[in-house]
Amino acid sequence: MFATAGVHPHDAAAFDAARDVPRLREMLKGSAVAVGECGLDYHYDNSPRETQRATFAAQIELAAETGKPLIVHTRDAEDDTRAMIRQARGAGVIGVLHCYTGSHALAETAIDAGWYVSFSGIITFKKWLDDDLLRLVPDDRLLVESDSPYLAPVPFRGKRNEPAWVAHTVTRLAAARREEPRQLGATTTANTRRLFGLALPAA
Ligand SMILES: [Zn+2]
């Protein structure tokens, strides 16, 4: 199990740079493997947008300083997320768009900047219609995640999610991409290891 360190956009209003940046820096120079979840959420707007952007920018700087990737949450904030990806690119920082359900254009922007795109159990839901998005991401930029305890995949939808159930997400993703699930699992494991610099056993 590996930890990450960051401030979620929902909590950006509580971010205090003088207090929190040194704490985050300490964790990131220690065992934390990534900065995040950070990002922008203009759907819930739980924190003011300006504060979300400033908190995200501070974390891009931390990622640059510590050489760690970003785990980015983005919802209804595509233009500003694109600007932040550009800013990260200028700072030599890559990351992953986590639990991604956004536009093809934003995914392409991220991929062009060297980023990864991660899919969750949402892609197993009946209302999921965008298999083209699942095929748009190159093999070497593809991740899967549980987002546990949320977003349990079909056939466990509505239950408390478990990491083991990410296999159902892999199977659905493989079907959309016309790939073999076990091979895709090996690919996403290798991608995870590369992005986060993990010492995981070979799949
Ligand atoms: Zn999120």
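Taking strands (runs of 3 or more DSSP E) that fall entirely within the range 27-111, which contain at least 2 residues that are out of contact with any Phe, Trp or Tyr (no Cβ under 7 Å at 6 or more places or on another chain) and within 22 Å of Asp147 (Cβ to Cβ)?
Values: elements: 35-41, 70-75, 95-97.
Those strands (runs of 3 or more DSSP E) span 35-41, 70-75.
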_Against the conditions (1) in contact with a His (Cβ under 9 Å, 6 or more places away or on another chain); (2) closer than 16 Å to Leu195 by Cβ, where does His10 fall short? Just the number, please._
(2)
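Using the structure shown, decide if Arg172 is crowded, with 19+ Cβ neighbours inside 10 Å and assigned to a helix (DSSP H, G or I).
Numbers: crowded, with 19+ Cβ neighbours inside 10 Å: yes; assigned to a helix (DSSP H, G or I): yes.
When the stated conditions are applied, Arg172 passes them.
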*Kindly indicate the residue of the range 1-18 that is in contact (Cβ under 8 Å) with a residue 60 or more places away in the chain and within 16 Å of the ligand (Cβ to nearest atom) and also nearest to Ala164 (Cα to Cα) among those meeting that condition.*
Thr4
*Which one of these does Tyr42 not meet: (1) crowded, with 22+ Cβ neighbours inside 10 Å; (2) within 16 Å of the ligand (Cβ to nearest atom)?*
(1)
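So is Arg193 closer than 24 Å to Gly95 by Cα and of a type in the set (Lys, Arg) or not?
Details: closer than 24 Å to Gly95 by Cα: yes; of a type in the set (Lys, Arg): yes.
Yes.
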*asked:* Whether any residue in the range 72-82 is away from the ligand (no atom under 15 Å from the Cβ), modelled with pLDDT of 95 or more and touching a Lys or Arg at 6+ places or on another chain (Cβ under 7 Å) is what I want to check.
replied: yes
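Tell me the residue from Ile71, Ile94, Ile85, Ile111 that is farther than 17 Å from Val7 by Cβ and surrounded by 23 or more Cβ atoms within 10 Å (Cβ to Cβ), please. Quick ask: steps written out before the conclusion?
Working: Ile71 fails: farther than 17 Å from Val7 by Cβ; Ile94 fails: surrounded by 23 or more Cβ atoms within 10 Å (Cβ to Cβ); Ile111 fails: surrounded by 23 or more Cβ atoms within 10 Å (Cβ to Cβ).
Just a single option satisfies the conditions, and that option is Ile85.
The values are calculated or read from the model by the stated rules, or taken from the named source; none is laboratory data. What you are looking at is a predicted structure, and each value in this text was computed from that prediction instead of being measured. Neighbour counts run over all protein chains shown; Cβ positions are idealised from the backbone, glycine included.
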